[in-house]
Amino acid sequence: MAEATALWELLRQAADPKVTDALKTAVETGSDRSLNRINPLAFAAEHGLDEEAAIGALVHAARLGLFDMSWNMLCPGCGGVLESAVALKSINRDHYFCAFCVQDSEPTLDQLVEVTFTVDPRVRRIGAHDPSTLGLTEYMRQIFWSSGAVVPEDLEAAIQRVTLDLMELQPGEKAAMSLTLPKGLIIAFDPVTHSTLYLEVAGDETSERRSLSVVLADSHAHFGSMKVQPGPARITFENKSGQRTLPGLWVHTPEVDSLSNRRRPVLTANRLLSNQTFRDLYRSGTFDPEQRFKITSLTILFTDLRGSTALYDRVGDLAAFDLVRSHFSELLAAVAAEGGAVVKTIGDAVMATFPTPDRALRAAMRMREAMRRINEKRGSEDLALNIGLHEGPCLAVMLDDRQDYFGLSVNIASRVQELADPTAILATKRIVDAAEAAGLVGAAGYKASSRQLSLRGVSEAFAIYEIREPKRAAAAA
């Protein structure tokens, strides 16, 4: 890629230089495997980098064309990638089926949709750009499993221990395996089409040879289970798909489970959607207006300037405008510093989202400190900020060509903010009960006290915590 040098320089200007240098070195000297489906969290840990900086740099790199971003629907059982798409809008089914685990899964954005980055073929061509060139071991490692799978280095030996036979079939080819079936659960499995046939081998051994056939055509096809006796068998695979396939007979053992049970954190779609860099660079078109994605847990923060109308009357339009603008700047900085993203502003109010409660709470504390600095500099209490926090399930939607969130949890967070006053951060019990958030309150010198309060439009009463600095609590008293 002739312009790669210029693109790396642009990336260095837009993103963290340390992350940029690490990515450039990886592209120049890293293995093919390391440049396919990069897990930003693992990359940051491996190179001693900040996670948010790594995510931001890879998002910028994807926008520049140095890397390709993919959204992968995962199976919660085996950790396999059920579908990989260049945009979230292509993950457009209500459920995805894993033939290996024989289970349906809903594409929840905070659990089962990951985001990874692969070097663009114009920058450096790697084996994963043409998966049909990969042998079974590397295909399983790089294509079948997600970036969250912790795959052993001796994967080839492990696969040999749990397989009876393997083959490679080009499109249109047909071949058979002749072997003796042992007792146990045997899975006829092709990782390319995600097709399976379960063989429950039990009973007395027979000398009669059985003939079975598996046609590889439809993706994620499970051909059910068959009960057969141990003994000689001939199993024919016919590849009617348009891809090279890698069918084999896998013996279901604890080692098979161990290959897919070890996991590490991934960059979830939910976390990326709550990343300010991503929202700034990909303002629209993330998914279609008709799509509704479930999120099982999202932390939502609302703020509002108290008495902003009176502020304009008191200090004048120009001074008030400058104050409000500086307030927005500080809020955006606090949100971005904690890996969150501003969803929208409504007048003087802000809605932001975060991947975890502790990040949102730290952002709220940063906001309180920023407002105090501005007020102390002016020698007044002109900026009075209300802050409310809640965590819970919601829907990610497209509204007015902008990615937004909808649901009861969003409404609760907004209502909590309505009850707030500038002397405290208000948060629901789900925020304060989160382990890291609970520790943060004490470590930061804040005190939390709770009250049962009714929220407008919400039937049940909520335990609402007022989180105050001790000196502020004393002053209020």
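The values are calculated or read from the model by the stated rules, or taken from the named source; none is laboratory data. Only a predicted model underlies this, so the values are computations on that prediction, with no experimental measurement involved. Virtual Cβ from ideal backbone geometry, glycine too; neighbours counted across all protein chains shown.
Suppose we filter the range 1-58 for residues that are buried (at least 18 other Cβ atoms within 10 Å of the Cβ), on the phi < 0 side of the Ramachandran plot and outside any helix (DSSP H, G or I); how many remain?
Here the count works out to 6.
Identify the single condition in (1) under 30 Å from T133 (Cβ atoms); (2) part of a helix (DSSP H, G or I); (3) touching a Lys or Arg at 6+ places or on another chain (Cβ under 7 Å) that E238 does not satisfy, given that it satisfies every other one.
The single condition E238 does not satisfy is (2).
Is there any pair with a first residue in the range 452-467 that is outside the structural domain of A424 (by TED's automatic domain parsing) and a second that is surrounded by 14 or more Cβ atoms within 10 Å (Cβ to Cβ) and in a strand (DSSP E or B) whose Cβ atoms are under 9 Å apart and which are 6 or more apart or on different chains, and what are they?
Partner pairs satisfying both residue conditions: none exist.
Rundown of residues vs (1) farther than 25 Å from E338 by Cβ; (2) modelled with pLDDT under 95; (3) not in a helix (DSSP H, G or I), yes/no style:
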position: L259; (1), (2), (3): yes, yes, no
position: R271; (1), (2), (3): no, no, no
position: D280; (1), (2), (3): no, yes, no
position: G285; (1), (2), (3): yes, yes, yes
position: Q291; (1), (2), (3): yes, yes, yes
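Confirm whether A341 is in contact (Cβ under 8 Å) with a residue 24 or more places away in the chain and either crowded, with 22+ Cβ neighbours inside 10 Å or closer than 30 Å to L41 by Cα (or both).
Yes, satisfied.
Table: residues versus (1) modelled with pLDDT of 90 or more; (2) in a strand (DSSP E or B); (3) within 30 Å of K89 (Cα to Cα); (4) touching a Leu at 6+ places or on another chain (Cβ under 6 Å).
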{"site": "I374", "(1), (2), (3), (4)": "no, no, no, yes"}
{"site": "S414", "(1), (2), (3), (4)": "yes, no, yes, no"}
{"site": "R430", "(1), (2), (3), (4)": "yes, no, no, no"}
{"site": "E436", "(1), (2), (3), (4)": "no, no, no, no"}
{"site": "V441", "(1), (2), (3), (4)": "no, no, no, no"}
{"site": "L455", "(1), (2), (3), (4)": "no, no, no, no"}
{"site": "S459", "(1), (2), (3), (4)": "no, no, no, no"}
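Could you tell me whether any residue of the range 310-324 is surrounded by fewer than 23 Cβ atoms within 10 Å (Cβ to Cβ) and in contact with a strand residue (DSSP E or B) (Cβ under 6 Å, 6 or more places away or on another chain)?
Within the range 310-324 (the criterion being surrounded by fewer than 23 Cβ atoms within 10 Å (Cβ to Cβ) and in contact with a strand residue (DSSP E or B) (Cβ under 6 Å, 6 or more places away or on another chain)), the answer is no, since none of the residues qualifies.
Looking at A99, A87, which is the one that is surrounded by 14 or more Cβ atoms within 10 Å (Cβ to Cβ), within 30 Å of G285 (Cβ to Cβ) and in contact (Cβ under 8 Å) with a residue 40 or more places away in the chain?
The unique qualifying residue is A87.
If you scan the range 140-185, which residues turn out to be in a helix (DSSP H, G or I) and touching a strand residue (DSSP E or B) at 6+ places or on another chain (Cβ under 6 Å)?
Of everything in the range 140-185, those that are in a helix (DSSP H, G or I) and touching a strand residue (DSSP E or B) at 6+ places or on another chain (Cβ under 6 Å) turn out to be F144, V162.
Which residue pairs have Cβ atoms closer than 6 Å, lie 6 or more positions apart in sequence or on different chains, and pair a first residue in the range 133-153 that is outside the structural domain of A44 (by TED's automatic domain parsing) with a second residue that is among the hydroxyl-bearing types (S, T, Y)?
S147/T116
Against the definition (surrounded by fewer than 23 Cβ atoms within 10 Å (Cβ to Cβ), over 30 Å from E381 (Cβ atoms), in the same structural domain as L169 (by TED's automatic domain parsing) and not aromatic (F, W, Y)), how does S297 come out, yes or no?
Considered against the rule, which asks whether it is surrounded by fewer than 23 Cβ atoms within 10 Å (Cβ to Cβ), over 30 Å from E381 (Cβ atoms), in the same structural domain as L169 (by TED's automatic domain parsing) and not aromatic (F, W, Y), S297 comes out as no.
Which of the residues belonging to the range 66-98 are closer than 18 Å to M140 by Cα and charged (D, E, K, R)?
E83
Would you mind finding the one in L155, L197, L216, L166 that is within 14 Å of H252 (Cα to Cα) and of a type in the set (A, V, I, L, M)?
Being within 14 Å of H252 (Cα to Cα) and of a type in the set (A, V, I, L, M) holds for just one of L155, L197, L216, L166, which is L197.
List the number of the failed condition for A188; all other conditions in (1) at negative phi; (2) not in a strand (DSSP E or B) hold.
Evaluating A188 over (1) at negative phi; (2) not in a strand (DSSP E or B) leaves (2) as the failure.
Suppose the filter is surrounded by fewer than 18 Cβ atoms within 10 Å (Cβ to Cβ) and farther than 30 Å from T286 by Cα; does A217 pass it?
yes
Quick one: in the range 304-344, of everything that is charged (D, E, K, R) and in a helix (DSSP H, G or I), which residue is modelled with the highest pLDDT?
E330
Answer with yes or no whether A364 is crowded, with 23+ Cβ neighbours inside 10 Å, part of a helix (DSSP H, G or I), touching a residue at least 24 places away in the same chain (Cβ under 8 Å) and out of contact with any His (no Cβ under 6 Å at 6 or more places or on another chain).
yes
Under 8 Å by Cβ, and 6 or more places apart or on different chains, what pairs join a residue from the range 26-52 that is without any contact (Cβ under 8 Å) to a residue 40 or more places away in the chain and assigned by TED's automatic domain parsing to the domain that holds S70 with one that is surrounded by fewer than 15 Cβ atoms within 10 Å (Cβ to Cβ) and of a type in the set (D, E)?
A44/D50
It is to be established whether one or more residues within the range 118-139 are part of a strand (DSSP E or B), closer than 17 Å to I38 by Cα, in contact with a helix residue (DSSP H, G or I) (Cβ under 8 Å, 6 or more places away or on another chain) and modelled with pLDDT under 95.
no
Take F406 and tell me if it is aromatic (F, W, Y) and under 14 Å from T299 (Cα atoms).
Spelling it out, F406 is indeed aromatic (F, W, Y) and under 14 Å from T299 (Cα atoms).
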